[in-house]
C-alpha cells in the first residue's frame, strides 16, 4: 500500500467539529465506507497486515468493529464473533468492565465464542483511550483464546490508547491523527 493510498483514504474521512460535545473532533468513517473502492482498500489493508498470522476468529467490537470485522473475516475465510454491550447476547457470557471519562461501562462475549486456544484478532474502527479495546483483549483471554493482535482503521495518537494494549502482540492502525 502506498503512502498516497493511505492519504486518499484519510481524505475520505469527514471531520465533524464539536461532536458529540464541544472540543471533540469526530472522525466520521461513513463517508469512506460508502465508497466501494475505499472500503475495499481499508479491508485489504487491515487483512494484509495479518496475512502471515494464524487467525481463527475476528472479534469485532460493537458497533463499527462489526462493519470492518465482518468483511475481513469473510476475506480471510474465518469466523466472526461479536463483542457486545451488556444484555445483547442471548447465551451465557463473560463480561469485562472498563473505565470511561466519567464512570464505567462493560462489554460481553459468549462463553462459547471460541474453541480453547483459538487465535483471535480484535477489530474496531477507532483506538482512542484504549479502554474498550483493552477490555476486549481481556475477554478473549477469559474465553480461553489467544490474542494475536488488534486492528483499527483510526488511531487518535494523543490519547495514548495503544499504551493500554499491553496484551496485544501486534497493534495496527491504518490512519493516525
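Readers should treat all values here as calculations from the given coordinates under stated rules, not as data from a laboratory. Fair warning: this is a prediction, and the values are worked out from it, not measured in the lab. Cβ atoms come from the backbone with ideal geometry, glycine included; neighbour counts cover every protein chain shown.
Miscellaneous remarks
- Descending principal axes extents, the stretch 52-176, alpha-carbon based, whole Å: 36, 34, 24
- Value of relative contact order over the stretch 38-146, rounded to a whole percent, pairs C-alpha under 8 Å and six or more apart: 28 percent
- One Cα centroid belongs to the stretch 126-170, the other to the stretch 1-55; the line between them spans 18 Å.
- The stretch 52-176: antiparallel DSSP beta bridges as a percent of all, rounded to 5: 25 percent
- Neighbour-count order for 25, 171, fewest beta carbons within 10 angstrom listed first: 25, 171
- Length released on extending from residue 112 to residue 70, taking residue separation times 0.36 nm less the Cα-Cα span: 13.2 nm
- Between residue 7 and residue 40, the C-beta separation translates, for a Förster distance of 25 Å, into a calculated FRET efficiency of about 0.90.
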